[in-house]
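Here the structure is laid out as C-alpha cells; the discussion comes afterwards.
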Amino acid sequence: MIKSVVFDLGNVLVDLQYERGFAKFGAYCRLPPAEAMARLAGLSRRTNLGQLDPWDFYQEARTVLELSPEADFHTFRAIYGGIFGGRPGMGRLLRALAPRYRLGVCSNTDMIHLHAILEEFAYVRIPTVRVLSYEVGLMKPDPRIYELLLERLGTAPEETVFLDDLEENVAAARRLGIRALRVETEAQARAALAGAGVVWEGK
C-alpha cells in the first residue's frame, strides 16, 4: 500500500528552462549560454552540496562567468533563479493527493533556486517533507539521501513512490526498494502514479 509520494523539482514539479534563463546573462558577459552553463557546472555542484552560500557562490560566479560590474548580487540572483516555469497541472495533482498521502520533495538544488521556486510557484509548498541537497550535504544518486528521505517520511521503501527525471536517480532509489519512476512531463507523472496504484479524485 502506497503511503508517501515524493517528487523531484526540476522537470517534475516545475519546468527547467536553462538556456532561456542563461541567455539573460548575455547583457553582463560575452559568453554564449551553453558556455556559461558549462563554466558554472562545477560551482553549481558545490552550492548544491551547501559548500557555498549564495553570496560566496555569486562572488565565484562573477569570476568564472567574467561578469561585468553591473551584474550585482540582486541581478545575478534574479537571472540564476529565473530558469523555472510553472506546471499548474502538477499543482492540481498535489492538492488532490494531499488528503490521501504524505507528500515530499527530494531534490538536488541550492538556496537561490529553492527560494525562487517557492516564491513563484506556491503549489510547491504543499509537500510537507523536504530533503534538499544543499541542506543535507548529499546529492542524488547517493543512497544516503534516499535513506534520509525514508526516515523523514516515516514510510517503508515499498510504501513510497518517487518521481524523478534522471534515470541514475531513479535507479539508485530502486536499489533501496523505493518505487521510483522516471518522468519528464505532467502526463507522464500522472500515468506513472496511476500505474503505481496511487489514487486521487478527479483522476
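The figures follow:
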quantity	calculated
Assigned charges on the beta-carbon of Lys, Arg, Asp, Glu; region 1-109 dipole about Cα centre (debye)	680
Cβ crowding within 10 Å averaged over residues, with 76-82, 109-115, 18-24 ranked highest first	109-115, 76-82, 18-24
Within region 22-54, backbone nitrogen closer than 19 Å to the virtual label 7 Å beyond the Cα of Glu66 toward Cβ	22-43
For the chain, with +1 on Lys and Arg beta carbons and -1 on Asp and Glu, the positive-most of Gly50, Ala156, Val14 along the dipole	Ala156
Inter-part distance where region 161-203 and region 71-85 are each reduced to a Cα centre, Å	30
Cα centre as origin, Lys/Arg/Asp/Glu Cβ charges: region 18-80 dipole, Debye	180
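Read-outs throughout are calculated quantities, based only on the coordinates presented, and are distinct from any laboratory measurement. Quick caveat, the model's predicted, so the values are computed rather than measured. Positions of Cβ are generated from backbone atoms using ideal geometry, with glycine treated the same way; all protein chains shown enter the neighbour counts.
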